[in-house]
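First comes the structure, then the notes that go with it.
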Amino acid sequence: WSQTAVKADGVLTVGGVPLPELVREHGSPAYVLDEADFRARAVAFRDAFADYDVFYAGKAFLCTTVARWLAEDGLSLDVCSGGELTVAERAGFPMAKVGFHGNNKTLGELERAVELGVGRIIVDSFHEIERLAAITTELGRTTGVMIRVTAGVEAHTHEYIATAHEDQKFGFSIASGDALEAVRRVHAAPGLRLLGLHSHIGSQIFDTAGFEVAARRVLALHAQVSEEIGVEMPEMDLGGGFGIAYTTQDDPSDPSQLATEMTKIVEHECRALGIAEPRLSIEPGRAIVGPSVCTVYEVGTVKEVALDGGARRSYVSVDGGMSDNIRTALYDADYSATIASRASDATPTLARVVGKHCEAGDIVVKDEFLPGDVAPGDLVAVPGTGAYCRSMASNYNHALRPPVIGVRDGKTFTVLRRETVADLLATDVGVS
Ligand code: LLP
């Protein structure tokens, strides 16, 4: 839960706004974004990693308002598409503090990034180095470049969100020598200023051992570049991926502790290699925005089914589902839920919170104990939905994507409005 969430007499209040009131005003389902919580987490990373540049990973959740908060609070921003770059531009985000990622950026996206003066473009393939070199020559511009490398680390997380083992699409392999070759090519291109190496090992990671192995391998390459090519790279990025607590079983990442551990690892390695420490940066997304949002839904139907062995489970259907939170279906993610609108003395019963989509896998919360009298009209809130929920939301079954409602000091404000049927139909040309 976000830091301002409190429950009294069964009513959940976030940012000083009781959720039943928020739903009366803005409807359901809705993502509720706690501004104070978001900014406190962003600032906590900024301050804990005071000697680093902290790039907020916009893929977790980005909109103009959030980009403005980040700019005001002095963070940098990682974008990974032309769309995210446009949001940064619209928010007036300082382009020198933007990093542009992606394994297949289009020519148009690369040109735009160079024209806007994006601080660093993280290159991910030989094709891209060639394209970017050509673009800078053509435009008569230069750009800062980082090289995404694959450290060959098995991060302990879901297969789809682990990114530093060899057999996946991102980065230049250190082991195969591709990473060193990429350094040579970037260094040789007149329009490309080689800033350093970039490593991101995966997402929702709790164990710093993976970061340690990756840092060691990337720093070894950093030293090799200096020795063999004679190039001193000023920077290095260690990526994001810091885990958050989705249920009470997880331990959230603590920025100060992370900073201490990562700094120690890098200092130790640099000393061992006899090299100067590069300026470091990180890219947390989930750890900043994840806990600062909860989703509020209204219950529409409740159905009880018998399980093998005689136990029972109630299926609590809400007015959203996999279109606003795909993570349960896609990554088998664990969430929790609570009734947000009233107190209940009823005995807790095993429940599954499901959506309204035409698909059996449309599950929001797999297992939760909810009061046995949960009924249509109740509001259910699911915490920890700030990261990769709205940003991965879809219009499956022609669902309207829910709004993001900011809350602060007892007031609500719309950050992203609810989609309308007109929005949906706008792309449907309807040839007769
Ligand atoms: N930097 C790079 C290069 C990344 O690829 C990512 C995430 C991040 C930073 C931020 O990672 P974070 O701190 O948010 O874990 N949709 C998946 C997560 C995909 C992560 C993609 N890259 C999920 O819902 O778990």
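Listed values, structure above:
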item: Candidate set: region 281-309, residues that are among the hydrophobic types (A, V, I, L, M, F, W, C) and under 18 Å from D319 (Cα atoms); chosen: the one nearest to the ligand (Cβ to nearest atom); result: V293
item: Region 390-411, residues that are assigned to a strand (DSSP E or B) and touching a Gly at 6+ places or on another chain (Cβ under 7 Å); result: V407, R408
item: Of all residues making up region 167-176, the number that are in a loop (DSSP other than H, G, I, E, B) and open to solvent by less than 30 Å² (accessible area, probe 1.4 Å); result: 1
item: Qualifying residue in region 187-197 (condition: part of a helix (DSSP H, G or I) and in contact (Cβ under 8 Å) with a residue 12 or more places away in the chain); result: yes
item: Single residue of A96, A71 found to be among the hydrophobic types (A, V, I, L, M, F, W, C), open to solvent by 50 Å² or more (accessible area, probe 1.4 Å) and in a helix (DSSP H, G or I); result: A96
item: Scan of region 301-354 for residues that are over 21 Å from the mean Cα position of the chain (by Cα), more than 12 Å from D373 (Cβ to Cβ) and of a type in the set (K, R), ordered by number; result: K303, R312, R313, R352
item: Some residue of region 137-146 being within 15 Å of the ligand (Cβ to nearest atom), open to solvent by 60 Å² or more (accessible area, probe 1.4 Å) and in a loop (DSSP other than H, G, I, E, B); result: no
item: Restricting region 370-392 to residues that are buried (at least 20 other Cβ atoms within 10 Å of the Cβ) and farther than 18 Å from E298 by Cα, the residue that is farthest from the ligand (Cβ to nearest atom); result: G386
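Each row is one residue, and each column tells you yes or no for (1) within 14 Å of L195 (Cβ to Cβ); (2) among the acidic types (D, E); (3) surrounded by 17 or more Cβ atoms within 10 Å (Cβ to Cβ); (4) within 16 Å of the ligand (Cβ to nearest atom).
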{"position": "H222", "(1), (2), (3), (4)": "yes, no, yes, no"}
{"position": "V225", "(1), (2), (3), (4)": "yes, no, yes, no"}
{"position": "G230", "(1), (2), (3), (4)": "no, no, no, no"}
{"position": "M233", "(1), (2), (3), (4)": "yes, no, yes, no"}
{"position": "M236", "(1), (2), (3), (4)": "yes, no, yes, yes"}
{"position": "G240", "(1), (2), (3), (4)": "no, no, yes, yes"}
{"position": "T247", "(1), (2), (3), (4)": "no, no, no, yes"}
{"position": "S253", "(1), (2), (3), (4)": "no, no, yes, yes"}
{"position": "A259", "(1), (2), (3), (4)": "no, no, yes, yes"}
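The values are calculated or read from the model by the stated rules, or taken from the named source; none is laboratory data. Computed from a predicted structure; not experimentally measured. Please note: Cβ atoms are built from the backbone with ideal geometry, for glycine as well, and neighbour counts cover all protein chains shown. We work out accessible area using only protein heavy atoms, side chains counted, and drop any ligands, DNA or RNA first. Shrake-Rupley method; radii C 1.70, N 1.55, O 1.52, S 1.80 Å.
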